[in-house]
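Scroll down for the structure; my scribbles are underneath it.
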């Protein structure tokens, strides 16, 4: 029988916000209505006591959320032509194409990378539940590139610890609007839910720390090709940070002018991935070529 997953936070701000809003901003993908239901069910406590939906947090409040175990769903294996870059008994590295969703979500249980992985191998880590077997980190549907997948729980815990300790190398190549001025730089700006649009992320006071290092590869008349190295891994981090400094990604339908160039989705590719092997301790580095549509786009600008 699956157990509830326990999350806890120490609230450190002086100005209190409603408990449901706070949990939505800390969200792992939970909707605000779902959070409110959990609060009413007594699954949220502050300093050991159940609270109401309109409870306002105060400094040093200890918040605990007990998320119920996921409902059993039948995620079916679906044979796919996966680009497997590396595989052994612990880990698998796959080069995900643009347009492919990483894992199923309620109401959409097919056609994802996870469905393809289940057809490729039955041994995947179960730490993230039935909807995300083996998935240690993810990239957006319309971002292409390298993902590491855990084939057992021990490997998953090792890779997750490396991620949280900022020891995983993740380098992306992006095409952005405008000529980026400095040859390199660092964007250190916290990211949270956009208060004006809960479907988007934004740089907001009180957001989670987020750091992106960038370097210009090539400048064009109205665009720049850059490499971004993630120090943290917030949702939509590169897309949000580049918009924040006035250089949104080309083709980004959410954070930039969409359809300015002939590419379906943001011009962003997870090119380099590096981590310590969970068993051998060997440092492993993988590099993937840019997808054809992005390569053609850059060549047309050149």
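Scanning the stretch 66-78 for residues that are at pLDDT below 90 and in contact with a helix residue (DSSP H, G or I) (Cβ under 9 Å, 6 or more places away or on another chain) turns up 66, 67, 68, 75, 76. May I ask you to say which residue of 250, 205, 258 is assigned by TED's automatic domain parsing to the domain that holds residue 180, in contact with a strand residue (DSSP E or B) (Cβ under 9 Å, 6 or more places away or on another chain) and surrounded by fewer than 16 Cβ atoms within 10 Å (Cβ to Cβ)? None of the other options fit; the residue is 205. Might you let me know whether the stretch 171-184 holds any residue that is outside any strand (DSSP E or B), in contact (Cβ under 8 Å) with a residue 40 or more places away in the chain and more than 25 Å from residue 298 (Cβ to Cβ)? Within the stretch 171-184, none of the residues are outside any strand (DSSP E or B), in contact (Cβ under 8 Å) with a residue 40 or more places away in the chain and more than 25 Å from residue 298 (Cβ to Cβ). Restricted to the stretch 91-100, and to residues that are at pLDDT below 95 and in contact with a helix residue (DSSP H, G or I) (Cβ under 8 Å, 6 or more places away or on another chain), which residue is nearest to residue 35 (Cα to Cα)? Checking each candidate, the answer is 100.
Would a scan of the stretch 271-280 turn up a residue that is free of Cβ contacts under 8 Å to residues at least 12 places away in the same chain and surrounded by fewer than 15 Cβ atoms within 10 Å (Cβ to Cβ)? Yes, some residue in the stretch 271-280 is free of Cβ contacts under 8 Å to residues at least 12 places away in the same chain and surrounded by fewer than 15 Cβ atoms within 10 Å (Cβ to Cβ).
Considering only residues in the stretch 101-115 that are surrounded by fewer than 19 Cβ atoms within 10 Å (Cβ to Cβ) and at negative phi, the one that is modelled with the highest pLDDT turns out to be 101. Taking the criterion of being exposed (fewer than 13 other Cβ atoms within 10 Å of the Cβ) and in contact with a strand residue (DSSP E or B) (Cβ under 6 Å, 6 or more places away or on another chain), the residues of the stretch 285-299 that qualify are 285, 287. Only residues that are part of a strand (DSSP E or B) and either buried (at least 24 other Cβ atoms within 10 Å of the Cβ) or without any contact (Cβ under 8 Å) to a residue 24 or more places away in the chain (or both) were counted across the stretch 146-168, and they come to 4.
The values are calculated or read from the model by the stated rules, or taken from the named source; none is laboratory data. Bear in mind that the values here come from a model prediction, so they are computed numbers and not experimental data. Cβ coordinates were reconstructed from backbone atoms using ideal geometry, including for glycine residues, and neighbour counts include every protein chain displayed.
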